[in-house]
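The next block holds one structure in the form of structure tokens; read it before the comments.
The values are calculated or read from the model by the stated rules, or taken from the named source; none is laboratory data. Every value quoted in this text rests on a predicted model; they were computed, and no experiment measured them. Heads up, the Cβs are rebuilt from the backbone with ideal geometry, glycines too, and the neighbour counts pull from every protein chain shown. SASA here: full protein model, heavy atoms, side chains in, ligands and nucleic acids out. Shrake-Rupley method; radii C 1.70, N 1.55, O 1.52, S 1.80 Å.
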Amino acid sequence: MSRERYEMVVGLEMHVQLKTRTKAFCGCSTDFGAPPNVNTCPTCLALPGALPVLNERAVELGTRAALGLGCTINPTSVFARKNYFYPDLPKGYQISQFDQPLASGGSVLIGRTEKGADIKIGITRLHMEEDAGKSIHDRYPGATAIDLNRAGVPLIEIVSEPDIRSSADAGAYLRTLKQILQYLDVSDVSMEEGSLRVDANISVWPPGQTKLGTKTEVKYMNSFSAVERALEAELERQCALIDSVEQKREATTTVIFPSPIFGRCCWNRSGSTTHTRIFPSSRMREKRVSLRSSESHRAKWNS
Amino acid sequence: MSVENFTMLGAADIASAVRAGDASPTEMVRASFNRARDIGAGHDELNIFLHSDQEASEHEAKSMQERLQSAADIGILAGVPVAVKDNIATLGLPTTCGSKILAGYVSPYEATAITRLRANGALVVAKTNMDEFAMGSSTENSAFGPTRNPHDVRCVPGGSSGGSAAAVAAGITPIALGSETGGSVRQPAAFCGVVGVKPTYGRVSRYGLVAFASSLDQIGVVGRTVDDAALGLESIAGFDKMDSTSSDAEVPVYRLSALGKPAPEVGAPDTEAMRIGRNPVALPPPPSAKTLEGIVIGKPREYFPDTLDTNIKDLCERALDRFRSMGATVRDISLPRSPLAIPVYYILAPAEASSNLARFDGVRYGLRVDSGKGLKAMYESTRSQGFGPEVTRRILLGTYVLSAGYYDAYYKKAQAVRTLIADDFRAVFTSGVNAIFTPTTPTPAFPVGAISDPYEMYLNDIFTVTANLAGVPAISVPIGRMRRLPVGGQVITAHFDEYTMFRVAYALEASLGQEAHQ
Ligand SMILES: [Zn+2]
């Protein structure tokens with residue numbers, strides 16, 4: 001049985017909606033539960049000629065979250081465009097951060113080993129981005145409905161190091177992170193209202209080894225216990241796969257985890273990498289956000 | 001002032017008459033529509049307008065009349081009919097960017113520049129024809145047919161703001177808004193014998209200007225005279241919270257009419273001037289040997305190559321002589337990286353366009369071609385049927401240069417060269433040069449259909465595109481004719497120094513007088 005011979009290697013990405021009154025690049029309300037497409041304007045509908053204006057409050061809250069996680073705030077961060085086509089992505093690109101994120105390097109203490117040593121999960125980076133809208137596939141037969149109320153809502157993505165070795169650790173990490181964000185008052189951290197989402201990257205290896213197996217990305221899990229169950233299921237699946245065949249090098253595969261909120265979907269949002277281009281900004285606007293007395297952060301974006 | 005002379009009136013003349021109660025906004029709107037009809041602006045003739053609605057415009061004029069009677073100040077463009085390029089969002093009239101993909105699209109909001117025009121009393125009478133999504137230099141790339149040059153209907157008016165330049169040249173409006181990404185106001189202004197100004201990047205809000213290449217795009221103004229262009233720019237310039245790249249630098253008064261110019265006398269109509277809509281009356285005070293005292297004009301050798309047409313070279317030399325006779329010093333200078341501008345531009349602009357034009361996907365507005373074969377097929381048919389060949393070419397080019405593996409070789413390198421081109425301008429302007437003078441284009445207007453090779457077409461912008469890459473302001477002023485076709489000269493100044501640009505342009509216009517149109 002390989003189940004005992006292998007352990008999971010997990011990195012988690014948490015997408016957290018920031019507690020702002022208005023969206024990241026326009027003045028629309030971020031209220032949850034409004035009738036479809038009510039919280040929209042020329043900018044978040046991507047009407048011809050409309051331009052984004054960065055919400056300073058979003059940068060402040062993102063910065064506060066990063067400081068709370070012990071991250072280093074980068075002196076300058078840059079928003080770029082991730083180009084791909086999808087009906088609930090009105091501009092044809094998502095504004096996000098790539099080469100120069102808001103913050104990097106931090107950690108979360110999730111407990112202690114039996115010998116009393118700290119169990120810390122490293123934070124690779126924390127960056128800002130805007131949410132897409134919502135595609136509703138099961139409302140009208142034969143048609144997909146689009147609700148753009150969420151389009152442009154400010155998010156931070158917190159990317160952990162692949163430091164997690166068990167589903168229990170994953171659960172502990174997520175719960176601790178949620179507590180910290182709650183305490184910092186940067187987000188409502190409600191999975192029900194979609195203000196918190198988690199994606200997991202999992203592969204397996206024999207303990208003590210350094211060569212990782214093929215990575216799987218698990219998305220659209222709607223609760224922390226769902227994450228734990230998904231990781232266990234994925235560990236099982238990968239071990240079985242190793243048992244049955246020689247595992248080949250292949251690209252990341254995306255598994256959509258069944259969820260009552262999102263339903264089982266058969267599409268891959270990002271498409272393949274060949275269709276996703278990152279467009280940086282050339283003549284960017286800067287916004288300086290002051291942190292403590294002497295520090296400030298410059299966020300740059302394209303408009 | 002008489003409405004009989006409508007095609008010879010400057011914007012300042014119209015506004016002052018309307019404010020004084022000597023003319024009514026309704027008269028001005030009617031005069032504009034009558035002129036459009038008389039000269040043949042319609043689709044089967046010059047094809048200048050894509051959309052207009054005389055009834056709505058007259059209704060708007062009437063309500064302005066009522067406001068005037070209640071003693072409200074209507075503004076510096078009171079009652080002035082203005083034509084607007086079809087890539088600037090307007091309420092009431094469609095905004096199609098000369099593209100099938102936006103046919104019939106009416107914007108539910110308005111561009112800041114338009115709101116400001118209206119706040120200053122202007123009456124938007126028409127949306128003008130253009131190269132699709134502003135991609136082109138002849139207005140032949142419009143999905144709705146080419147515009148013809150009012151000076152010679154066999155020729156193109158230039159582009160991409162060809163409809164706006166033609167509207168002014170044809171005497172339909174004294175002012176028209178255009179837009180520039182790489183010379184798209186100045187080149188058609190030169191081809192049509194009118195004035196075209198591209199302000200400093202950031203001077204005018206881009207909110208409501210449909211994006212082509214965001215780091216280069218800027219709304220510009222076409223005018224019958226330098227004063228018209230100055231008045232137009234002054235009324236739309238300044239910071240806008242809806243455009244983070246708009247500058248909060250103070251906007252000085254540019255218009256000559258504010259510098260104590262006496263009210264112009266309207267002379268007897270000159271039939272030739274009438275035909276092409278020139279305004280020979282709104283001339284500034286006579287220039288003297290002191291008009292440009294202390295001004296240093298740079299003459300960059302890269303813009304006067306040996307291959308430059310001798311007619312154009314001679315007209316430029318005449319203009320430089322006029323600068324000298326008005327007390328300016330002409331200095332030979334070099335902008336060594338300018339010859340790289342065309343290749344740099346044709347990497348950067350398509351790269352940005354490929355991202356900016358992604359929103360035209362058939363989902364929310366505009367054309368949708370859906371044969372029921374799924375989402376991907378809908379995207380493909382909508383975009384391949386909605387976009388014309390030049391737009392398709394540039395989207396493909398832009399997608400290619402941004403794709404992984406080519407990014408460093410093309411996009412990053414072009415970005416670096418762009419900085420060097422801008423550095424050249426900075427070095428010149430910090431070495432004591434106040435303004436740079438060059439020809440606007442290497443040739444006058446060419447016949448419709450004469451240029452089929454895209455690269456040859458791109459070379460039309462060889463002298464203008466550098467100002468967009470560097471972000472500096474530039475203006476094209478008529479400096480004479482060759483083979484009966486207008487030729488333009490270009491004045492470029494440092495960032496946010498439109499004041500000096502207008503000062504030099506006014507002086508040139510005044511000293512050339514009617515020679516600028518002969
Ligand atoms: Zn909005």
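Filtering the range A:35-52 to residues that are within 12 Å of the ligand (Cβ to nearest atom) and more than 22 Å from the chain's Cα centre (by Cα) leaves A:N37, A:V38, A:N39, A:T40, A:C41, A:P42, A:T43, A:L45, A:A46, A:L47, A:A50, A:L51.
If the requirement is being more than 10 Å from chain B (Cβ to nearest Cβ), within 22 Å of A:I123 (Cβ to Cβ), of a type in the set (A, V, I, L, M) and within 16 Å of the ligand (Cβ to nearest atom), which of these qualifies: A:L61, A:L69, A:L12, A:L18?
Details: A:L61 fails: within 16 Å of the ligand (Cβ to nearest atom); A:L69 fails: within 16 Å of the ligand (Cβ to nearest atom); A:L12 fails: within 16 Å of the ligand (Cβ to nearest atom).
That would be A:L18, the only listed residue that is more than 10 Å from chain B (Cβ to nearest Cβ), within 22 Å of A:I123 (Cβ to Cβ), of a type in the set (A, V, I, L, M) and within 16 Å of the ligand (Cβ to nearest atom).
Residue under question is B:I39, and the condition is that it be at pLDDT 90 or above, open to solvent by less than 10 Å² (accessible area, probe 1.4 Å) and among the β-branched types (V, I, T); does it hold? Steps first, answer last, please.
Numbers: at pLDDT 90 or above: yes; open to solvent by less than 10 Å² (accessible area, probe 1.4 Å): no; among the β-branched types (V, I, T): yes.
The answer is no for B:I39.
Per the conditions (1) open to solvent by 60 Å² or more (accessible area, probe 1.4 Å); (2) within 16 Å of the ligand (Cβ to nearest atom), the sole criterion not satisfied by A:G133 is (1). Starting from residues that are within 12 Å of another protein chain (Cβ to nearest Cβ) and of a type in the set (V, I, T), keep the ones in the range B:206-226 and report whichever is surrounded by the most Cβ atoms within 10 Å (Cβ to Cβ). Selected residue: B:I219. Of all the criteria given as (1) within 14 Å of chain A (Cβ to nearest Cβ); (2) open to solvent by 40 Å² or more (accessible area, probe 1.4 Å), the one not satisfied by B:Y411 is (2).
Among residues of the range A:39-51 that are touching a residue at least 40 places away in the same chain (Cβ under 8 Å) and within 7 Å of chain B (Cβ to nearest Cβ), those with a beta-carbon under 8 Å from a residue that is near the ligand (Cβ under 7 Å from one of its atoms) and part of a loop (DSSP other than H, G, I, E, B) at least six positions away or on a different chain give the pairs A:L51/A:T43.
Mind listing just one residue for me: the one in the range A:22-34 that is under 30 Å from A:T124 (Cβ atoms) and part of a loop (DSSP other than H, G, I, E, B) and, of those, nearest to the ligand (Cβ to nearest atom)?
Residues of the range A:22-34 that are under 30 Å from A:T124 (Cβ atoms), as a first pass: A:22-26, A:30, A:32.
Those still in the list that are part of a loop (DSSP other than H, G, I, E, B) too: A:23-26, A:30, A:32.
Numbers: A:K23: 5, A:A24: 10, A:F25: 8, A:C26: 3, A:T30: 10, A:F32: 15 Å.
Among those residues, the one meeting the criterion is A:C26.
Out of all the residues in the range A:74-82, is one or more farther than 30 Å from A:E236 by Cα, within 14 Å of chain B (Cβ to nearest Cβ), surrounded by 23 or more Cβ atoms within 10 Å (Cβ to Cβ) and within 16 Å of the ligand (Cβ to nearest atom)? No: zero hits. Taking the residues in the range A:95-109 that are open to solvent by less than 30 Å² (accessible area, probe 1.4 Å) and assigned to a strand (DSSP E or B) as candidates, determine which candidate is farthest from A:A50 (Cα to Cα). Among residues in the range A:95-109 that are open to solvent by less than 30 Å² (accessible area, probe 1.4 Å) and assigned to a strand (DSSP E or B), the one farthest from A:A50 (Cα to Cα) is A:V108.
Here B:Y345 fulfils each of the conditions (1) more than 10 Å from every other protein chain (Cβ to nearest Cβ); (2) open to solvent by 30 Å² or more (accessible area, probe 1.4 Å) apart from (2).
So is B:P343 at pLDDT 95 or above and in contact with a Lys or Arg (Cβ under 6 Å, 6 or more places away or on another chain) or not?
No, not satisfied.
From the residues in the range A:83-131 that are more than 30 Å from B:L357 (Cα to Cα) and of a type in the set (D, E), which one is farthest from the other protein chains (Cβ to nearest Cβ)? Restricting to residues being more than 30 Å from B:L357 (Cα to Cα) and of a type in the set (D, E), the top hit is A:E114. Counting only residues that are of a type in the set (A, V, I, L, M) and touching an Asp or Glu at 6+ places or on another chain (Cβ under 9 Å), the range A:59-88 holds 4 of them. Tell me yes or no: at least one residue of the range B:386-408 is over 30 Å from B:V477 (Cα atoms), assigned to a helix (DSSP H, G or I), open to solvent by 70 Å² or more (accessible area, probe 1.4 Å) and away from every other protein chain (no Cβ under 14 Å). So far as the range B:386-408 goes, yes, one or more of its residues are over 30 Å from B:V477 (Cα atoms), assigned to a helix (DSSP H, G or I), open to solvent by 70 Å² or more (accessible area, probe 1.4 Å) and away from every other protein chain (no Cβ under 14 Å). Of the residues making up the range B:227-245, those that are in contact with a Pro (Cβ under 8 Å, 6 or more places away or on another chain) and either assigned to a helix (DSSP H, G or I) or open to solvent by 20 Å² or more (accessible area, probe 1.4 Å) (or both) are B:D227, B:D228, B:L233. If the condition is being at pLDDT below 85, more than 18 Å from the chain's Cα centre (by Cα) and among the aliphatic types (A, V, I, L, M), then the range A:218-256 contributes A:A240, A:L241, A:I242, A:V245, A:A251. For the range A:150-189, the candidate set comprises residues that are within 16 Å of the ligand (Cβ to nearest atom) and not in a loop (DSSP other than H, G, I, E, B); within that set, the residue that is farthest from A:D31 (Cα to Cα) is A:L155.
Please find, among B:T440, B:T500, B:T493, the residue that is closer than 16 Å to B:Q218 by Cβ and open to solvent by less than 40 Å² (accessible area, probe 1.4 Å).
On the way: B:T440 fails: closer than 16 Å to B:Q218 by Cβ; B:T500 fails: closer than 16 Å to B:Q218 by Cβ.
Criteria check complete, one pass: B:T493.
Checking the structure you have, find out if any residue of the range B:346-356 is among the acidic types (D, E) and touching a helix residue (DSSP H, G or I) at 6+ places or on another chain (Cβ under 9 Å).
Start the filter on the range B:346-356 by keeping residues that are among the acidic types (D, E), which leaves B:352.
Keeping just the survivors that are touching a helix residue (DSSP H, G or I) at 6+ places or on another chain (Cβ under 9 Å) gives B:352.
Yes; the residues of the range B:346-356 include at least one that is among the acidic types (D, E) and touching a helix residue (DSSP H, G or I) at 6+ places or on another chain (Cβ under 9 Å).
Of all residues in the range B:358-385, those being within 8 Å of another protein chain (Cβ to nearest Cβ), within 17 Å of B:N87 (Cα to Cα) and not aromatic (F, W, Y) number 2.
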